[in-house]
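The values are calculated or read from the model by the stated rules, or taken from the named source; none is laboratory data. Computed from a predicted model, the values in this text were never measured in an experiment. Neighbour counts are summed over all protein chains in view; Cβ atoms, including those assigned to glycine, are modelled from backbone coordinates with ideal geometry.
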């Protein structure tokens, strides 16, 4: 199933491209997009094209912060019809809950979840795409920081911003742009916030405007409702590492009974187990390509209770032991580099 997102996802792409001395038009053609297609922010385009475009642009101009630079120019207004509802919520917690509820209207490839952790709150965010999504994840998390700052004011900072991918060659720009500790090679993508910050009153809140926006959203045509299949996928991605990606927890998170969720998945000729396996196959390749993640740690991130269970699953999916797969993946770029050097 092809996931479509609003063209507004690429807001700022042309501006950042010009700043970095990049001609974006050949890259757009390469991923099947065009400047004209992106002129309407509500035009739906494949998320795979967006993810590939951002990676190609970052490589072409040698800027590992390309996606984060795009986030700098974002406004909550770029969320479209949901923006009025978000900015007039009484607290940041309410604004985030409204964002999560209507995320399918903003970007259907995004998964966002709030988790209480004592005095902190974890905001886990993932881009669901079948391709490496470093730039897309940095863009999404940068936009999430902008949303929180819009509600709480420019002086607010998260306790940390976390990325599962490795650090860039120079992370000073990340720290300057985000204004807080930035943790790479983390167990999750997202933010850590102080729990008390989420309940600080929003001085710009206007309850009447929020009610008006909610009535407008409730009146939207039914086709804009979120797909259960996509919502289950999102929940699995976010809950795997905590060992909660099972039918009971996911159904509860979606406000459904286990029987109802399984029945509706069956109507789409899918099972819950197939969706868990799909998520694991996607995530394991990201984790395996990062040498800082041990195999034991990777098995935990994928929700396995023992490394041996993870190894059996990996062999069944990829036809070889995870140690051998990782060694081959690490060796491949080295061989390509030596071939490039030989032709110079």
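Looking for whichever is over 25 Å from residue 39 (Cβ atoms), surrounded by fewer than 22 Cβ atoms within 10 Å (Cβ to Cβ) and either modelled with pLDDT under 95 or under 17 Å from the mean Cα position of the chain (by Cα) (or both) here; the options are 129, 111, 117. Which one fits?
Residue meeting the stated conditions: 117.
If the requirement is being out of contact with any helix residue (DSSP H, G or I) (no Cβ under 8 Å at 6 or more places or on another chain), surrounded by 15 or more Cβ atoms within 10 Å (Cβ to Cβ) and modelled with pLDDT of 95 or more, which of these qualifies: 144, 191?
144
With respect to the numbered conditions (1) assigned to a helix (DSSP H, G or I); (2) within 25 Å of residue 122 (Cα to Cα), which one is the sole condition not fulfilled by residue 215?
(2)
Only one of these is touching a strand residue (DSSP E or B) at 6+ places or on another chain (Cβ under 8 Å), modelled with pLDDT of 90 or more and under 30 Å from residue 294 (Cα atoms): 181, 168. Name it.
Exactly one of 181, 168 is touching a strand residue (DSSP E or B) at 6+ places or on another chain (Cβ under 8 Å), modelled with pLDDT of 90 or more and under 30 Å from residue 294 (Cα atoms), namely 181.
Here's the yes/no breakdown for (1) surrounded by fewer than 15 Cβ atoms within 10 Å (Cβ to Cβ); (2) in contact with a strand residue (DSSP E or B) (Cβ under 7 Å, 6 or more places away or on another chain); (3) touching a residue at least 24 places away in the same chain (Cβ under 8 Å):
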site: 281; (1), (2), (3): no, no, yes
site: 284; (1), (2), (3): no, no, yes
site: 307; (1), (2), (3): no, no, no
site: 320; (1), (2), (3): yes, no, no
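List the helices (runs of 4 or more DSSP H) inside the range 1-106, counting only whole elements, that have at least 1 residues being in the same structural domain as residue 166 (by TED's automatic domain parsing), surrounded by 15 or more Cβ atoms within 10 Å (Cβ to Cβ) and in contact with a strand residue (DSSP E or B) (Cβ under 9 Å, 6 or more places away or on another chain).
Once the helices (runs of 4 or more DSSP H) in the range 1-106 are filtered for at least 1 residues that are in the same structural domain as residue 166 (by TED's automatic domain parsing), surrounded by 15 or more Cβ atoms within 10 Å (Cβ to Cβ) and in contact with a strand residue (DSSP E or B) (Cβ under 9 Å, 6 or more places away or on another chain), what remains is 92-101, 103-106.
Scan the range 231-248 for residues that are assigned to a helix (DSSP H, G or I) and either in contact with a helix residue (DSSP H, G or I) (Cβ under 7 Å, 6 or more places away or on another chain) or in the same structural domain as residue 100 (by TED's automatic domain parsing) (or both) and jot them down.
Scanning the range 231-248 gives 232, 233, 235, 236, 237, 239, 247, 248.
Before we move on, is residue 274 touching a residue at least 12 places away in the same chain (Cβ under 8 Å) and in a helix (DSSP H, G or I)?
no
Anything in the range 107-127 that is closer than 18 Å to residue 8 by Cβ and part of a loop (DSSP other than H, G, I, E, B)? List them, or say none. Before you say what the answer is, go through the steps one by one.
Pass one, the range 107-127, residues closer than 18 Å to residue 8 by Cβ: 107-110, 112, 125, 127.
Result: 107, 108, 109.
Across the range 171-201, what is the number of residues that are within 17 Å of the chain's Cα centre (by Cα) and in a strand (DSSP E or B)?
Result for the range 171-201: 5.
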